[in-house]
Structure formats: C-alpha cells, structure tokens
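Rule-based calculations on the coordinates, nothing more; no lab input. Here the structure is a predicted model, which is why all the values come from computation and not from measurement. Cβ atoms come from the backbone with ideal geometry, glycine included; neighbour counts cover every protein chain shown.
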Amino acid sequence: MKIDNIIFIGFMGCGKSTLARALAEDLDFVFLDSDALIQQKFNQKITTIFEQKGESFFREQEQKMADFFIHCQKACIATGGGFIHVSNLENIGFCIYLKASFEYLKKALNASEISKRPLFCDEIKAKKLYNERLNKYEQKANFILNVENKNINELLSEIKKVIK
Ligand code: S3P
C-alpha cells in the first residue's frame with residue numbers, strides 16, 4: 001500500500017501523540033503534532049489559547065494545520081481530539097482511529113493531563129462530547145485500532161500489518 005502520511009485521530013487521552021511519535025521513529029518518517037505546532041506558533045498553551053482567543057479560533061488553526069498537512073509526505077501526524085472537523089482530513093493520509101471507552105480514557109489521564117485539556121475538565125460535558133464524536137471517528141477512519149490494555153509494541157505491530 002502506498003501511503004503518504006499516517007494520521008491519528010481519537011478522543012483525548014487515547015495516545016495519539018505517543019503512538020505517532022513511536023511509529024515515526026520506527027518507519028523513519030517525520031513526526032508532526034497538530035496541537036504542538038499550534039502551541040509553538042502562538043507560544044501559548046492550548047488552555048491559554050482557548051481562554052484568550054476562544055475555541056473557534058483554535059478550530060480555525062486546526063484547519064490551517066490540515067491545509068499544511070495535505071502537502072506533507074512520509075509523516076506520522078498526531079492530532080487533537082476535535083481534528084475530525086477539518087474539511088480535508090481524507091486528503092491528508094491513512095487515518096487511524098485509536099478507540100477506547102470513555103471510562104478507560106478517564107483513567108488514562110491524570111489530574112495534570114486533564115488540566116491541559118479545557119474540554120475534559122468537566123467530566124459530564126466530556127462524556128457528552130465523546131458520545132457525540134464516536135460515530136464521526138469511526139466514519140473518518142481507514143482503520144480502527146482498539147487501544148485498551150495494549151502496550152506500544154502491540155499497537156505498532158497491529159498498525160504495521162495494515163500499512164504494509
Ligand atoms: C481537544 C483535544 C485536545 C486539544 C484541545 C481540544 C478536543 O487534544 O486539541 O484541547 O476538542 O478534543 P488531545 O486530543 O491531544 O488531548
């Protein structure tokens with residue numbers, strides 16, 4: 001299978017950045033992280049961008065990242081949980097959804113990790129968002145990978161079987 005890029009989607013806490021970085025190292029691809037690039041651009045944390053500029057501004061920045069990613073090659077790309085709303089996701093590359101239950105994700109994020117995520121701070125709202133997005137993640141994915149109770153090597157080998 002000829003693949004330009006591999007892009008990871010999924011809800012907060014599913015391990016998109018960790019896995020994208022590990023796969024990039026394994027395949028000798030470039031590692032790109034949408035949230036990290038947005039933070040670097042403004043030299044601000046995501047929470048500060050949400051507070052000072054608002055969520056819709058952040059979503060516009062995600063769209064700009066997507067417009068950049070379509071020109072990339074041989075990159076493993078980590079995205080934020082809301083990146084599925086960009087208009088051209090299917091043009092970026094092979095899309096892998098890292099799937100886990102809300103309860104599993106909640107346990108995976110410690111208090112410090114939750115505090116970096118403005119949309120996870122209120123658990124009831126976060127669960128609602130999770131339920132709203134579930135179908136969308138599945139529809140957008142070329143491959144759905146259940147991540148629960150698997151270590152990084154198991155996840156990498158499942159991905160490599162699919163992209164070969
Ligand atoms: C968001 C997820 C976050 C980050 C922002 C919004 C979302 O990324 O982009 O806080 O809408 O789900 P992670 O999925 O890496 O936590």
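Taking θ as phi - 60°, what are the ³J(HN,Hα) couplings along the range 115-128 by the Karplus curve (6.51, -1.76, 1.60), each to the nearest whole Hz, with x for Gly and Pro?
5, 7, 10, x, 8, 10, 5, 9, 5, 5, 5, 5, 5, 5
Using a simple charge model, +1 on the beta-carbon of Lys and Arg, -1 on the beta-carbon of Asp and Glu, nothing else, what dipole does the range 111-164 show about its Cα centre, in debye to the nearest 20? List each step's numbers first, then the result.
On the way: 12 positive and 8 negative charges, 47 e Å.
Its charge dipole is roughly 220 debye.
How much of the pair distance distribution for the chain lies past 19 Å, counting alpha-carbon pairs only, in percent? Don't jump to the answer; show the numbers that get you there.
On the way: 7091 of 13366 pairs.
So the pairs more than 19 Å apart make up 53 percent of the total in the chain.
Which value, in debye to the nearest 20, gives the size of the charge dipole of the chain about its Cα centre, when Lys and Arg are +1 and Asp and Glu are -1 at the Cβ? Could you put the intermediate results ahead of the total?
Details: 24 positive and 21 negative charges, 27 e Å.
Using only the charged Cβ atoms, the result is roughly 140 debye.
Assuming a viscosity of 1.002 mPa s and a temperature of 20 °C, what translational diffusion coefficient in µm² per second does Stokes-Einstein assign to the range 29-121, Rh being the Kirkwood radius over Cα pairs? Can you show the working numbers first?
Working: Rh = 14.3 Å.
It diffuses with D of about 149 µm²/s by this estimate.
Roughly how many debye, to the nearest 20, is the charge dipole of the range 11-86 about its Cα centre, given +1 on each Lys and Arg Cβ, -1 on each Asp and Glu Cβ, and no other charges?
Values: 8 positive and 10 negative charges, 25 e Å.
Roughly 120 debye, rounded to the nearest 20.
Once the Cβ-Cβ distance between Asp4 and Asn43 is put in as r, and R0 is 25 Å, what FRET efficiency do you end up with, to the nearest 0.05?
Numbers: r = 30 Å, r/R0 = 1.19.
E(calc), rounded to 0.05, equals 0.25.
For the range 45-97, what does the equivalent ellipsoid look like in terms of its semi-axes, each the square root of 5 times an eigenvalue of the Cα gyration tensor, given largest first in whole Å? Mind showing how you got there, number by number?
Working: eigenvalues 98, 22, 20 Å².
Ellipsoid half-lengths, sorted descending, are 22, 11, 10 Å.
Using +1 at the Cβ of each Lys and Arg and -1 at the Cβ of each Asp and Glu in the range 40-164, identify which of Gln63, Cys76, Ala108 lies farthest towards the dipole's positive end.
Value computed over the given set: Cys76.
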